[in-house]
Amino acid sequence: MNPQIIMCGTPPTAVSKGTIFPKYRETCLSGNSEDSMWAEWSIEKMAEDRSDLDLWYETNPSLGLIINERSVRGELSDTEETDFNIQRLGLWIQYNQSSAICAADWDALTIDRDNMPAFKGRLFAGIKYGKDNKNVALSIAVKTTGQRIYIESLDCREIAKGNPWLIDFLLNADVEKIVIDGANGQSLLTEEMKDSGIKKKPILPKVAEIIEANSAFTQGIASKSICHSGQPSLRQVATNCDKRSIGTNGGFGYKSQIDEFDIALLDSAILAYWACATTKETRKQRICYWSIMLMTALIAEGKHGRKH
């Protein structure tokens, strides 16, 4: 007897974990399952053109035999782009299956834009140049009267378009600290800031400080000391990320689970939060003039003595 089990299925959807099936697939493809065989008809990345007939035939061996082109064509309007890529074209995705930042935890930090908290103090700016040399992102953080820190991403643009938009913001915003990370843009932006008359010296964080910033951000999510307005772009990146190792002592950062979501957006928010959280509030000095007058009189009395 040589029993055989045939299992059929499609990749997990964008909102399902599907831990058993992906793990079994990984084991087979890695060659670590001697008595198993894996056959797959799929695309490696999201299709740019879902109506491409060649892709349909490459990923559906029964097309033209059991199902026809008309049936698949009907799915184009009834099925969302991601679902069509997964269920019809066999795309295996990784995002939303085990994000390092849970969507429920992130959403719990959302505040209503119509009921924003009162801010106190100045802004803290975080700027991150992506490692792929494509985009640069800008986010801000500010303390609230409720002892929380509000974060917001302002924009993420192509590096090739230059830094004028960053300079314009830094010239006009009331910023207390500026943090810039990314070796592919730090020096140039720093020089442009000087040339533009921005006297504030930016912070160019070291590896140890990047590790500290990511750790602080993670703790901020857990303690709910962070709040945000639920920006779709920032949520998309934050809830579709994995941890990546930094350094040799257990430090970590974040990486995106899908190429279309630039992690630079989240990184810039983390930098802004870190700068805000680690900056102590400046207490205004109170001067009591009657006390100064009294002290002056006592000092004078001590010098000349009192005649009896």
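What follows draws every value from the coordinates through simple rules; no lab data is involved. Bear in mind that the values here come from a model prediction, so they are computed numbers and not experimental data. No Cβ is skipped: glycine too gets one built from the backbone with ideal geometry, and neighbour counts run over all protein chains shown.
Things to note:
- The chain: most fluctuating residue of I67, I43, I127 per GNM, C-alpha cutoff 10 Å: I67
- Of every Cα-Cα pair in segment 103-277, the percent that sits beyond 30 Å: 13 percent
- Near L89: Cβ cut-off under 9 Å, other residues only, Lys/Arg at +1 and Asp/Glu at -1. The net charge is +1.
- Once you reduce segment 145-191 and segment 42-66 to the center of their Cα atoms, the two points are 43 Å from each other.
- Ordering S256, T190, N240 by the projection of their Cα atoms onto the charge dipole of segment 103-277, which places +1 on the Cβ of Lys and Arg and -1 on the Cβ of Asp and Glu, puts T190 at the extreme positive end.
- Counting DSSP beta bridges with both ends in segment 103-277, the antiparallel % (nearest 5): 70 percent
- Here is how the number arises for the chain: DSSP H runs of 4 or more residues each give -39500 (n - 2.57), the sum is divided by the residue count, and the result at 222 nm is -10500 deg cm²/dmol.
- If both residues of a DSSP beta bridge must be in the chain, then about 70% of such bridges are antiparallel.
- Over all pairs of different C-alpha atoms, segment 27-113 has a mean inverse distance whose reciprocal, the Kirkwood radius, equals 15.8 Å.
- Positive contributions from Lys and Arg (+1) and negative ones from Asp and Glu (-1), summed over other residues with Cβ under 15 Å from the Cβ of S62, come out at -2.
- Reference-scaled alpha-carbon Rg (2.2 N^0.38 Å with N residues) for segment 104-205: 1.16
- Each of D168 and S77 was given a label point 7 Å from its Cα along the Cα-to-Cβ line. The distance between the two points is 4.2 nm.
- When each of K201/K255; K23/K206; K128/K280; K131/K201; K134/K194; K161/K243 is checked by Cα-Cα distance, pairs over 26 Å: K201/K255; K23/K206; K161/K243
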